[in-house]
Amino acid sequence: MKIKVTKVDPEQMKPKPEDESQLGFGKIFADYFFIVEYDREKGWHNASIEPLRPLSLDPAAMCLHYGQEIFEGMKAYRGKNGSIYLFRPEENINRMNRSAKRLCMAQIDNDLFMEGLKKLVLLEKDWIPRGAGTSLYIRPTMIATEPALGVHPSGQYIFYIIAGPVGAYYPEGFSPTKIYVSEKYVRAAQGGVGDCKAAGNYAASLYAGQEALEMGYTQVLWLDARERKYVEEVGTSNIFFVIGDDLITPPLSGSILPGVTRDSVIRLAKSWGVNVREERLSMDEILSSSADGTLKEAFASGTAAVVSPVGQIYYRGSEYIIGDGSTGPLTEKLYNEILQIQYGEKEDPFGWRVKIS
Ligand SMILES: *Cc1c(COP(=O)(O)O)cnc(C)c1O
């Protein structure tokens with residue numbers, strides 16, 4: 001399908017942020033977006049890259065009522081040599097289509113997604129910041145647009161990709177977070193949509209997140225819905241623990257989002273000879289390993305931060321310090337390695353990096 005490009009009048013272009021240390025996350029959007037429409041008769045049609053604009057939706061559009069809305073999160077990186085890279089983009093495309101299938105939404109053609117993505121990033125090249133650790137965050141999104149109030153899969157969708165510069169996650173170095181174990185609320189149950197990047201999962205997580213913040217913790221450590229015993233994820237990231245010499249993360253049981261970073265961490269650690277265990281890990285085991293000194297490190301993994309060290313866990317009225325409360329050596333090594341692969345500063349043994357310019 002041909003992607004029609006409508007250029008922004010140079011005079012209408014938004015000013016680029018001058019201070020890259022003030023970028024933050026998800027507040028600034030670049031000049032263009034990619035958009036393509038779907039309906040049952042025509043399939044995907046009208047693919048275009050246009051100046052970013054508000055969408056016009058019927059108030060009965062099904063995404064606004066029954067939550068047929070999925071998204072992805074990925075980044076474009078500017079290397080020191082000026083090259084532009086994506087990181088394992090086909091993983092995001094495949095995951096988006098798995099989410100679409102689970103929510104009875106239209107499958108998007110992989111090639112069309114990739115072409116729209118690359119064209120958009122190249123057009124927005126000047127929006128990719130230069131500072132260490134900064135990047136262009138990319139948000140592919142699909143919403144159901146059929147105006148209808150019966151609960152059934154929508155016959156119409158739009159898929160779009162927006163992008164904007166984001167700052168370095170750790171401008172002043174690592175700062176281990178304090179996390180709060182939620183026993184009252186759960187993020188996802190087996191059989192649900194916790195393994196999809198579906199909008200409703202995030203709405204459902206806000207209340208517990210707020211409770212954690214009020215208690216002075218940055219994220220919620222989610223437990224399994226059935227027994228409230230096994231760790232699942234932290235905030236909107238996957239979770240890893242280093243106990244003894246093993247790196248342990250919960251298996252993809254259906255209620256956990258299969259993170260691209262999670263998979264990259266597992267494969268890198270294995271290539272270094274680390275014993276990686278994708279196994280259920282109970283709070284009891286975490287507490288006993290904390291007590292006997294074998295709980296050395298914990299970190300969250302996700303596209304936004306790569307890895308984010310956890311320094312403390314709050315559970316049933318007590319605080320447990322992980323290791324000595326500072327960033328562990330494996331966490332730091334994984335962080336540096338993945339970042340250097342993403343920015344083209346290191347060999348890419350797994351072929352994860354996609355150079356687009
Ligand atoms: C996006 C996300 C992750 C991390 O996935 P990445 O592909 O590594 O960015 C983990 N958990 C949840 C709930 C997420 O939404």
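The values are calculated or read from the model by the stated rules, or taken from the named source; none is laboratory data. What you see is a predicted model, and the numbers here were worked out from it, not measured in a lab. For neighbour counting, all protein chains shown are included, and Cβ atoms are generated from backbone atoms with ideal geometry for every residue, glycine included.
Below is a table of values for the structure above.
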{"item": "Wholly within segment 213-269, strands (runs of 3 or more DSSP E) carrying at least 2 residues that are more than 11 Å from the ligand (Cβ to nearest atom)", "result": "219-223, 237-243, 246-249"}
{"item": "One residue from Pro59, Pro89, Pro153, Pro147 being closer than 30 Å to Glu18 by Cα and at pLDDT 95 or above", "result": "Pro89"}
{"item": "Residue in segment 39-54 that is within 16 Å of the ligand (Cβ to nearest atom) and farther than 30 Å from Pro15 by Cα present", "result": "no"}
{"item": "Selection count where residues are in a helix (DSSP H, G or I) and loosely packed, with under 10 Cβ neighbours inside 10 Å, scope segment 1-20", "result": "3"}
{"item": "Top-ranked residue of segment 184-234 - restricted to ones that are touching a strand residue (DSSP E or B) at 6+ places or on another chain (Cβ under 8 Å) and surrounded by fewer than 15 Cβ atoms within 10 Å (Cβ to Cβ), ranked as farthest from Tyr314 (Cα to Cα)", "result": "Lys229"}
{"item": "Tally of residues being over 17 Å from Leu287 (Cα atoms), away from the ligand (no atom under 16 Å from the Cβ) and not hydrophobic (A, V, I, L, M, F, W, C) across segment 172-212", "result": "8"}
{"item": "Candidate set: segment 309-335, residues that are under 14 Å from Ser175 (Cα atoms) and of a type in the set (D, E, K, R); chosen: the one surrounded by the fewest Cβ atoms within 10 Å (Cβ to Cβ)", "result": "Asp324"}
{"item": "Those residues of segment 318-357 which are farther than 20 Å from Lys178 by Cα, of a type in the set (S, T, N, Q) and in a loop (DSSP other than H, G, I, E, B), in sequence order", "result": "Ser357"}
{"item": "Single residue of Ser289, Ser255 found to be surrounded by fewer than 21 Cβ atoms within 10 Å (Cβ to Cβ) and in the same structural domain as Gly194 (by TED's automatic domain parsing)", "result": "Ser289"}
{"item": "Answer residue from segment 41-93, given it is among the acidic types (Asp, Glu) and under 24 Å from the mean Cα position of the chain (by Cα) and is surrounded by the fewest Cβ atoms within 10 Å (Cβ to Cβ) among those", "result": "Glu90"}
{"item": "Residues of segment 162-175 classified as modelled with pLDDT of 95 or more and under 12 Å from Ala305 (Cα atoms), total", "result": "1"}
{"item": "Residue list for segment 304-318, filter: under 12 Å from Val234 (Cα atoms) and under 16 Å from the mean Cα position of the chain (by Cα)", "result": "Val307, Ser308"}
{"item": "Selection count, segment 277-308, where residues are more than 16 Å from the ligand (Cβ to nearest atom) and part of a strand (DSSP E or B)", "result": "5"}
